[in-house]
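The values are calculated or read from the model by the stated rules, or taken from the named source; none is laboratory data. The shown structure was predicted, so the numbers you read here are calculated from the model rather than taken from an experiment. Cβ coordinates were reconstructed from backbone atoms using ideal geometry, including for glycine residues, and neighbour counts include every protein chain displayed.
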Amino acid sequence: MLHLLRKETFLKHIKILIILTFFTVGFNSAVSAQYMNYSRVELNQPDHDAKPYYFGITIGVNLARFQTSMHSRFLQYDSVLIAEPVNSGGFTLGLSATGRISDRFQLRFNPQLMFIERGIFYKLKYPDIMTGDSAVTKKVESVIISFPFQVKFQSDRIGNFRVYALGGVKFDIDMASNARARKAEELVKITKYDFGPEFGIGFNFFFDSFIFSPEIKISNGIRNIHSRDPNLKYSNVFDKINSRMIIFTIHLEG
């Protein structure tokens, strides 16, 4: 039931993001002509839209968690009573290269280095041997190199402001993957590679020498990244584990 509730909540968030994206883009496109007719605004970088390509840097923070599916073993044994993922924060650094397709569409490549810590909360029938507690949280640290390819759909400029929506795919490499670790304390093992879709919305603020672009997006992994070990009680309760992230970034572009 908890798994179904999390899935329903996540799908609800995606629907809200899509609705807000189309509403915002449509609203700004509708009012842009009126704004430009009745307002005398000095445009910064008026020729920017004619550039065939431009570059930038990315800094940001992320809220990450695992999406888990329980294994049949979880129902057969009672040593682990509850196993629930918890939200954790991290930060992101990256570069961006954007190419012009048309007045409305752009293609962006945004490689990033992401530092992430995700956790799983366990409620045990018997106290943990190492900690002596019946409630423990196991942390999984990841250093991910992400390669997102995205298509941006942008509105008309309203003075020195613009809104855009984006969608694309990503390919992730976890440089801190512990899937092959043999140490006993490596209780939840994660594979090295992942991929999945990304959707988001952002805003461009044009200044004299740069563009300030805050952006929020949802990034989901499709691949099962769980390297299950049937001999470990913290690992064998799960069948599948997928990655889920909400990422807030700031792009500084030229």
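The set of residues in segment 108-148 that are in a loop (DSSP other than H, G, I, E, B) and either touching a Lys or Arg at 6+ places or on another chain (Cβ under 6 Å) or touching a residue at least 24 places away in the same chain (Cβ under 8 Å) (or both) comprises N110, P111, K125, Y126, M130. Tell me which residues, restricted to segment 126-166, are surrounded by fewer than 20 Cβ atoms within 10 Å (Cβ to Cβ), touching a strand residue (DSSP E or B) at 6+ places or on another chain (Cβ under 9 Å) and of a type in the set (S, T, Y). Those that are surrounded by fewer than 20 Cβ atoms within 10 Å (Cβ to Cβ), touching a strand residue (DSSP E or B) at 6+ places or on another chain (Cβ under 9 Å) and of a type in the set (S, T, Y): S134, T137. Considering I145, I173, I201, the condition of being β-branched (V, I, T), farther than 29 Å from F74 by Cα and in contact with a helix residue (DSSP H, G or I) (Cβ under 8 Å, 6 or more places away or on another chain) is satisfied by I201 alone. Does F55 count as out of contact with any helix residue (DSSP H, G or I) (no Cβ under 9 Å at 6 or more places or on another chain), under 26 Å from I247 (Cα atoms), hydrophobic (A, V, I, L, M, F, W, C) and exposed (fewer than 13 other Cβ atoms within 10 Å of the Cβ)? Spelling it out, F55 is indeed out of contact with any helix residue (DSSP H, G or I) (no Cβ under 9 Å at 6 or more places or on another chain), under 26 Å from I247 (Cα atoms), hydrophobic (A, V, I, L, M, F, W, C) and exposed (fewer than 13 other Cβ atoms within 10 Å of the Cβ).
Residues are listed down the side, and each one gets a yes or a no for (1) modelled with pLDDT of 55 or more; (2) in a helix (DSSP H, G or I):
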| position | (1), (2) |
| --- | --- |
| I19 | yes, yes |
| F23 | no, yes |
| A30 | no, yes |
| N37 | no, yes |
| N62 | yes, no |
| S69 | yes, no |
| L81 | yes, no |
| T92 | yes, no |
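Of all residues in segment 153-206, how many are modelled with pLDDT of 95 or more and of a type in the set (A, V, I, L, M, F, W, C)? Residues meeting the conditions: 14. Note on segment 209-235: residues that are over 19 Å from the mean Cα position of the chain (by Cα), over 13 Å from S69 (Cβ atoms) and either at pLDDT below 90 or of a type in the set (V, I, T) (or both) amount to 9.
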